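Only one structure is covered here, and it is reproduced in the block below.
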Amino acid sequence: MKAVFHTLFLTTALFIVSGCTRVGPDFVSPSPELSDKWKTVEQNSSTEVLNRWWEKLNDSALNALVEKALKQNKEIAIAAAKNESFMAKLGLAKSSFFPQLNAGASASTQQLSNTTANHFSSFNDHTTTYGLNLAMSQYEIDFWGKYARAEESAKAALLASDYAHKLIQSSITANVVSTYNSLLSQHVLLENAYKNRVLAEQIASISQAKWNQGVGSYGDVLQAEASVDESSSKISPIEAKISALENSLSILTGEFPKEFVMSKKYLSLPSIDIPAGIPSTLLKRRPDILAAESSWHASNASIGMAKAAYFPSFSLTGILGFQSAELTKLLESPSSIWQIAPSVTLPIFTAGRIESEVNIAKAQTKEAQLQYEQTLLIAFGEVENALKERHTLLVEGSALESAQKKYIQAEAISKSQYDNGKTAYLPLLVIRQSLIANENQLVLNEEAKRQNFVMLCKALGGGWENETKN
């Protein structure tokens, strides 16, 4: 009986000590040296606008599309399913800390040979045995922290998967808003294309009338008719692009292609203070940076898992139960049986297998570290590009708005002169064509500013903070 207690004491001691030892390097969160400001100015330390940045566009139809995409988009659903897989892997890693117990029951009957049995003794040549037991299969005590490192790696991998899920949510949201912006502008451009064709037809009609009256040249007529053809040729490509954008928007919202009813009026981008903040805040806002850091952490933990193979492994098997030749006495104390068998295994010769596994883990960790650093560089580059583009688009938009005011003034003067009989109708139509061309440029500039707003909010890690709880 003393041997039993000694074995249990030793096993318990090993179990307790096992939680205190972890081979392999501990992961330290990176702290890269960053500037305290962006190259491009226009900063704001507030991140409030980033949480649900699309709502700052003040478009209820757009808000509804984004919400539908977040609920129904298939890529987001796939990422969520992957998360469940990583959660199950974490559960698998945790199960290694505990022994696996199995209950068993048995009944066996044995008939011995009559020719070999000793009939002059009380020997019974027919035996029946009943058994009931609780068995523990080989359980390895985590003395060197192999299972602890496995759990650490699984937790980090799950976190990386969760951040990847958030990244897809952020990307899908940005794609919905970007596609919606393009759809809005294309509808305005289509409307202007029809207006421009009407103006071209009116100019061609006037040129033909002048030619019929012996005024002007036939070259003017051909040029005017060619302008009508060119105006007509621009309509079909816009309609095709609208159809393609509608199909894309349908897929993003998890639906089959359909037509979308858009607002007649192009919604201007409201004056929004872009919350660039300080560069260091980007480390905790971009899900791709956080995912890369977690992947690095997961790979780093695998080094400890591999290094644990260098050391002895302590295992334990055991059985506790009852065995009896009579079923009625099976659960009585004299029928009890037990067995406990601790063992130690030490690797002597592995032909370099363990060293190779450690080197693989180290190489994968180095790769994950470099991937993190590359992700960081790309993220900061995207923010800087978006901030610079915003400034450029504002300057371009200001010049186009100034030109529009002058075209409107020129149109008013020309119309007044035409109404008073001082000039012909043709110059007024030409000015209106120029005004439409200017309006098209303004629409494209407005779309570019909206797309830049999308790009900047995404680059700054917007669109997922309210959805995440660490």
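Results for (1) among the aliphatic types (A, V, I, L, M); (2) touching a helix residue (DSSP H, G or I) at 6+ places or on another chain (Cβ under 8 Å); (3) exposed (fewer than 12 other Cβ atoms within 10 Å of the Cβ); (4) at pLDDT 75 or above, shown as yes or no for each residue.
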site: Asn247; (1), (2), (3), (4): no, no, no, yes
site: Lys258; (1), (2), (3), (4): no, yes, yes, yes
site: Lys265; (1), (2), (3), (4): no, no, yes, no
site: Asp273; (1), (2), (3), (4): no, yes, no, no
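Considering only the range 126-143, state which residues are in a strand (DSSP E or B) and aromatic (Phe, Trp, Tyr).
Tyr130, Tyr139
Would you pick out the residues in the range 318-343 that are under 58 Å from the mean Cα position of the chain (by Cα) and among the hydroxyl-bearing types (Ser, Thr, Tyr)?
Ser336, Ser343
Hey, can you tell me all the residues within the range 142-154 that are of a type in the set (A, V, I, L, M, F, W, C) and at pLDDT 85 or above?
Matches in the range 142-154: Trp144, Ala148, Ala150, Ala154.
Does any residue of the range 211-231 turn out to be within 23 Å of Gly462 (Cα to Cα), at pLDDT below 85 and surrounded by fewer than 15 Cβ atoms within 10 Å (Cβ to Cβ)?
no
Of the residues Ala448, Ala424, which is outside any helix (DSSP H, G or I) and in the same structural domain as Glu55 (by TED's automatic domain parsing)?
Answer to the selection: Ala424.
Condition test on Ala88, is it within 17 Å of the chain's Cα centre (by Cα) and either modelled with pLDDT of 90 or more or closer than 30 Å to Leu331 by Cα (or both)?
Taking the combined requirement at face value, the residue does not satisfy it.
Could you grab me the full set of residues in the range 156-214 that are within 25 Å of Asn445 (Cα to Cα) and among the basic types (Lys, Arg)?
Lys195, Arg197
Results for (1) within 26 Å of the chain's Cα centre (by Cα); (2) surrounded by 15 or more Cβ atoms within 10 Å (Cβ to Cβ), shown as yes or no for each residue.
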position	(1), (2)
Ala292	yes, yes
Ile303	no, yes
Ala308	no, yes
Thr345	no, no
Val358	no, yes
His391	no, no
Gly397	no, yes
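Looking only at the range 153-192, filter to residues that are small (Gly, Ala, Ser) and under 17 Å from the mean Cα position of the chain (by Cα); which one of those is nearest to Phe453 (Cα to Cα)?
By that ranking, first place goes to Ala174.
Does Ala174 satisfy being touching a Cys at 6+ places or on another chain (Cβ under 8 Å), in a helix (DSSP H, G or I), on the phi < 0 side of the Ramachandran plot and in contact (Cβ under 8 Å) with a residue 12 or more places away in the chain?
Here the answer is yes, as Ala174 does meet what is asked.
Which residue is modelled with the highest pLDDT, if the candidates are limited to the range 351-395 and must be hydroxyl-bearing (Ser, Thr, Tyr) and out of contact with any helix residue (DSSP H, G or I) (no Cβ under 8 Å at 6 or more places or on another chain)?
By that ranking, first place goes to Ser356.
Pairs, please: C-beta under 7 Å, at least 6 apart or cross-chain, first residue farther than 23 Å from Glu326 by Cβ and loosely packed, with under 13 Cβ neighbours inside 10 Å and in the range 125-138, second at pLDDT below 80 and polar (S, T, N, Q)?
Filtered contacts from the range 125-138: no entries.
This table checks each residue for (1) in contact with a Lys or Arg (Cβ under 7 Å, 6 or more places away or on another chain); (2) of a type in the set (A, V, I, L, M); (3) closer than 26 Å to Leu290 by Cα.
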residue: Ile319; (1), (2), (3): no, yes, no
residue: Phe322; (1), (2), (3): no, no, no
residue: Pro334; (1), (2), (3): no, no, no
residue: Ala368; (1), (2), (3): no, yes, yes
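The values are calculated or read from the model by the stated rules, or taken from the named source; none is laboratory data. Everything numeric here is computed off the predicted structure, so don't read it as measured data. Methodologically, a virtual Cβ is constructed for each residue, glycine included, from the backbone with ideal geometry; neighbour enumeration extends over all protein chains shown.
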